[in-house]
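Chemist: Take a look at the following structure, please.
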Amino acid sequence: MLNIILLGPPGAGKGTQAARLQAGRGMVQLSTGDMLREAVAKGTPVGIKAKEIMARGELVSDAIVSALIGERLDASAEQGAIFDGFPRTKHQAAALEILLSQRNRKLDYVIELVVDEDELVRRIVGRFTCANCGAPYHDHFKLPAVPGVCDVCGSTEFKRRPDDNEETVRTRMAEYRAKTAPILPYYEEKGLVRRVDGMASVDDVAAQIDAILDGTA
Ligand code: AMP
C-alpha cells in the first residue's frame, strides 16, 4: 500500500494526476482543497472560517487541514493515499508524519511536479468544469466539442473556481514559494523526492509517475 505526496504549485496538475491514480490504482485522493471547498459549499463551521481565506489565496490554518486529513485517513484505512495539496507548510509536514505513524503507515514518495510559473497562471485562469459531472475544460486547451455543451454528460452548466482569477493565483503562487517549497529539503534529506516534468502532456506526466511507483523509473 503506497502513500505518496504530489507536490507542486497551484495548477501544476496535482489534482488531474491524483484523480487518475485513484481511478487506476485503487488509491484514494486526499485533496485538502476539495475537502475545504466541500465544507464551504455546505456552510460547516470549517467552511465558514475558510471561505474568505481561500478567496484571497492565502493558507487555511494548519490545525484545520491536518484534522481533515486525519479524518479521511481513518475513513480509507485500507487504501494507499495520494496527498494532493497537503502538506503545504513545514508544520503540516510534521503533522502528516505523526498522523501516518499513529496508523502504522509511512510515506513512500514525494513526487514534485516541476513547472513554469507564468505558464501556470495561463493554465489556471482558463480552467472551468462541468457543473453537473465535474469534467474539466479550458478556454485555450480544451473547449467542449459542441460549444456550451459538456462532452461527457451533455449539461450546459459550467463553473469556475472563485480563486482562479489572476490576482488570487499570484497570491497562491507566492504562498507556495514562501511556505510550501521550503518543505522539499526536509523530504530530500529522507531520500523521498522524485521529480517529474510537469510541463509535459497529461499522459506523459502520468507515465513518468507510473514508472516511479512501479520502480521502473
Ligand atoms: P487547492 O485546491 O489545493 O489549490 O487549494 C485551494 C485553497 O484551499 C488554497 O489556496 C488554500 O486557501 C486552501 N488550502 C488547500 N489545502 C490547504 C492546505 N494544505 N493548507 C492550507 N490551506 C489549504
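Every read-out reported here was derived from the displayed coordinates using simple, explicitly stated rules and does not represent laboratory data. Just so you know, these numbers come straight off a predicted model, no measurement behind them. Neighbour counts run over all protein chains shown; Cβ positions are idealised from the backbone, glycine included.
Chemist: Return K42, K90 ranked ascending by Cβ neighbour count within 10 Å, so the fewest neighbours appear first.
Modeler: Lowest to highest Cβ neighbour count: K42, K90.
Chemist: Between rounded, prolate and oblate, where does region 43-121 land on the alpha carbon gyration tensor, with a ≥ b ≥ c its root eigenvalues, rounded for a/c under 1.5, else prolate if a/b exceeds b/c?
Modeler: Oblate.
Chemist: Still on this structure, I have one more. To the nearest 20 debye, what is the magnitude of the charge dipole of the chain about its Cα centre, counting +1 on the Cβ of each Lys and Arg and -1 on the Cβ of each Asp and Glu?
Modeler: 460 debye
Chemist: Would the chain count as rounded, prolate or oblate if I go by the C-alpha gyration tensor, calling it rounded below 1.5 in a/c and otherwise prolate when a/b exceeds b/c, oblate otherwise?
Modeler: Here the chain falls in the rounded category.
Chemist: For region 163-207, what class follows from the C-alpha gyration tensor (a ≥ b ≥ c being the square roots of its eigenvalues): rounded when a/c is under 1.5, otherwise prolate if a/b is larger than b/c, else oblate?
Modeler: Since a/c reaches 1.5 but b/c is at least a/b, the shape of region 163-207 is classed as oblate.
Chemist: So, one more: Taking the Cα centre of region 9-79 as origin and charging only Cβ (+1 Lys, Arg; -1 Asp, Glu), how large is the dipole, in debye to the nearest 20?
Modeler: Dipole of region 9-79, to the nearest 20 debye: 240 debye.
Chemist: Give, in nm to one decimal, the length gained when the segment between E78 and S201 is fully stretched (0.36 nm per residue of separation minus the Cα-Cα distance).
Modeler: Here the segment from E78 to S201 would lengthen by 41.2 nm.
Chemist: Hey, got the dipole for region 88-197? About the Cα centre, +1 on K and R Cβ, -1 on D and E Cβ, debye to the nearest 20?
Modeler: The calculated dipole for region 88-197 is roughly 460 debye.
Chemist: Which order do the peptides 109-118, 141-150 come out in when sorted by mean C-beta neighbours inside 10 angstrom, highest first?
Modeler: By packing density, highest mean first, the sequence is 109-118, 141-150.
Chemist: Let me ask you something else. May I ask for the angle, rounded to the nearest 10°, between helix 202-213 and the longest principal axis of the chain, with both axes built from Cα atoms and the value confined to 0 to 90°?
Modeler: 10 degrees
Chemist: While we're looking at this one, here's another question. Per residue and in Å³, how big is the convex hull formed by the alpha-carbon atoms of region 1-78?
Modeler: Cα convex hull per residue, to the nearest whole number: 105 Å³.
Chemist: Which of H140, A63, Q29 sits closest to the plus end of the dipole of the chain, meaning its Cα is farthest towards the positive end, when Lys and Arg get +1 and Asp and Glu get -1 on the C-beta?
Modeler: Positive-most Cα among the choices belongs to A63.
Chemist: Sort out for me the Cα centre separation of region 14-67 from region 176-217, rounded to whole Å.
Modeler: Taking the Cα centre of region 176-217 as reference, the centre of region 14-67 is 20 Å away.
Chemist: For a Förster distance of 30 Å, can you work out the FRET efficiency between the beta-carbons of E188 and M1, rounded to the nearest 0.05?
Modeler: The calculated FRET efficiency here is 0.80.
Chemist: Report the gain in length on full extension from A63 to A211: 0.36 nm times residue separation, minus Cα-Cα distance, nm rounded to one decimal.
Modeler: Answer, rounded to one decimal: 49.9 nm.
Chemist: Neighbour counts of other C-beta atoms within 10 Å: give me D108, D163, D74, D84 arranged from fewest to most.
Modeler: The fewest-first ordering by Cβ neighbours comes to D74, D108, D163, D84.
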